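The structure appears right after this line, and notes come after that.
The values are calculated or read from the model by the stated rules, or taken from the named source; none is laboratory data. Since the structure is predicted, the reported quantities are computational estimates derived from the model, not experimental observations. All Cβ positions, glycine included, derive from the backbone under ideal geometry; neighbour counts span all protein chains shown.
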Amino acid sequence: MNATTLLTDVARGLGLTLLAVQVPLLLLLLVRLMPGRTRRPPIAPRLTPRTDTTVTVVVATLNEAKRIGPCLAGLMAQTEPMLEVLIVDSRSTDGTRELVEAASARDPRIRLVTDEPLPAGWVGKVWALETGLRQAKGAWVLGIDADTVPAPGLVGAVVDAVEQDGYDVASFSPQFRDQTSAERFVQPAMLVTLVYRCGAAGATQPPPDRVLANGQCFVARRALLEQHGGYAPARASFCDDVTLARHLASHGARVGFLDGSKIIQVSAYVSLAEMWREWGRSFDLKDATPTWRRWVDVALVWSAQALPLPMLLVLAAALAPMGWPAANNPHVMLLEALVLVNASALMVRLMMLVALRQSYAERGWPFWLSWLSDIAAAWRLTLSTARTPTRWRGRQYDTLVTDGAK
């Protein structure tokens, strides 16, 4: 066997291996995305009061003075059914408490609560939510993050949505705003990995182990939470929203994930570096997903999102001197099959830009070219999957034990 024959055999074997991997993963992706064709449209704000139920809003804070102002203003603009707002603060030192106290003086529905020292085995945010739940009076408990901007009518809208579809628990995807150009170039690619792994917001409810959730706007029946031990099932989780939602879904609760781009905005990070570090820390959903499944999802993201463009460039270079298409040439036919698979994957990826466009208040060329950062997003997912986080919001966690990574 000469060197040319050996190289040909190696190339053919590599091509067949790529097909054997990419084809089933692309089919798996299409199955996951198909329910999105009939997904529910974005939830609209409810601009009239509703008096037949009550909602307690809980906001966990730790040194949020630079971001909480718009959130407080948005909450003060809410009408019934919002009964109360509990700002559960973990002894902030940056002026957060003073801002909350000033808001409370203007709106008595807002109350500052200080949580007890963090117990062993709990993540700080989850402990704050648990503290709020124990003091909540509303029939529903709505968790809101301090970096969100609630639109007028948000509280009534989320209750309308969950009751209309018969949900016990639901969370809502936001509209991202105030992003730098660099963030708009990279973050949409990272968001697409979530859609590829879990499906689209507003689609048919997936199996419990595929449920997605967003803790920035997460509503649940208070009685249901109390029945399941409050937030304790997610006490050690860095993706507490998904962990809790999947726990409740696995125990029979009906859990929804809906498009909230018209009712809540979020301005979570001030730079690409912060977004890469903080969101990338847990977006692999490590604490809510078995290890083997996370790595299957990593393979899917690389195969169907990150590699199609470079594969097409390589294949074009390989086919150019062969004068393709060439009938009855097995080598060319193999390359053409790879072109078809990767072109199909790239087409799906470009369609995702259209599907996600309303999730971004500002788009421009960075958003529309964000598919060029898919390799970076896949790499960040790989790093997140391989590493166990130990630090979040200035707190160090070295002894947490979670159940999701089995």
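Computed quantities for the displayed model
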quantity: Number of the condition not met by T61 [criteria: (1) crowded, with 18+ Cβ neighbours inside 10 Å; (2) under 27 Å from V195 (Cα atoms)]; calculated: (2)
quantity: Subset of the stretch 280-310 (residues that are polar (S, T, N, Q) and within 19 Å of R32 (Cα to Cα)); calculated: T289, S303, Q305
quantity: Test set (1) surrounded by fewer than 24 Cβ atoms within 10 Å (Cβ to Cβ); (2) among the hydrophobic types (A, V, I, L, M, F, W, C); (3) touching a strand residue (DSSP E or B) at 6+ places or on another chain (Cβ under 6 Å) - C217 fails condition number; calculated: (1)
quantity: Test: residue in the stretch 292-305 that is within 16 Å of A20 (Cα to Cα) and without any contact (Cβ under 8 Å) to a residue 24 or more places away in the chain; calculated: yes
quantity: Spans of helices (runs of 4 or more DSSP H) in the stretch 96-210 with at least 1 residues over 17 Å from L72 (Cα atoms) and either in the same structural domain as R221 (by TED's automatic domain parsing) or at pLDDT 95 or above (or both); calculated: 124-135, 154-164, 181-198
quantity: Tally, over the stretch 27-56, of residues that are surrounded by 14 or more Cβ atoms within 10 Å (Cβ to Cβ) and under 21 Å from the mean Cα position of the chain (by Cα); calculated: 10
quantity: Evaluation of Q216 against (1) of a type in the set (S, T, N, Q); (2) over 24 Å from T53 (Cα atoms); (3) under 12 Å from the mean Cα position of the chain (by Cα) (one fails), failing number; calculated: (2)
quantity: Filter result for T204 (hydroxyl-bearing (S, T, Y) and in contact with an Asp or Glu (Cβ under 9 Å, 6 or more places away or on another chain)); calculated: no
quantity: Condition broken by L75, with the remaining ones in (1) more than 21 Å from G138 (Cα to Cα); (2) within 25 Å of the chain's Cα centre (by Cα) satisfied; calculated: (1)
quantity: Lone qualifier among A377, A327 - being modelled with pLDDT of 90 or more and of a type in the set (A, V, I, L, M, F, W, C); calculated: A377
quantity: Selection from the stretch 251-284 of residues that are of a type in the set (S, T, Y) and under 19 Å from L383 (Cα atoms); calculated: S282
quantity: Residues satisfying the stated conditions in the stretch 257-292, i.e. among the basic types (K, R) and either assigned by TED's automatic domain parsing to the domain that holds M351 or closer than 26 Å to R357 by Cα (or both); calculated: K262, R277, R281
quantity: Identity of the residue in the stretch 277-290, part of a helix (DSSP H, G or I) and in contact with a Cys (Cβ under 6 Å, 6 or more places away or on another chain), that ends up modelled with the highest pLDDT; calculated: A288
quantity: Residue that is free of Cβ contacts under 8 Å to residues at least 60 places away in the same chain and farther than 30 Å from P330 by Cα, where the choices are T51, T61; calculated: T51
quantity: The stretch 263-279: number of residues that are crowded, with 19+ Cβ neighbours inside 10 Å and not aromatic (F, W, Y); calculated: 6
quantity: Every residue from the stretch 78-93 that is in a loop (DSSP other than H, G, I, E, B) and in contact with a Leu (Cβ under 9 Å, 6 or more places away or on another chain); calculated: Q78, T79, S90, R91, S92
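For (1) of a type in the set (A, V, I, L, M); (2) buried (at least 18 other Cβ atoms within 10 Å of the Cβ), each residue gets a yes or a no:
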| site | (1), (2) |
| --- | --- |
| C71 | no, yes |
| L86 | yes, yes |
| P108 | no, no |
| L112 | yes, yes |
| T131 | no, yes |
| V169 | yes, yes |
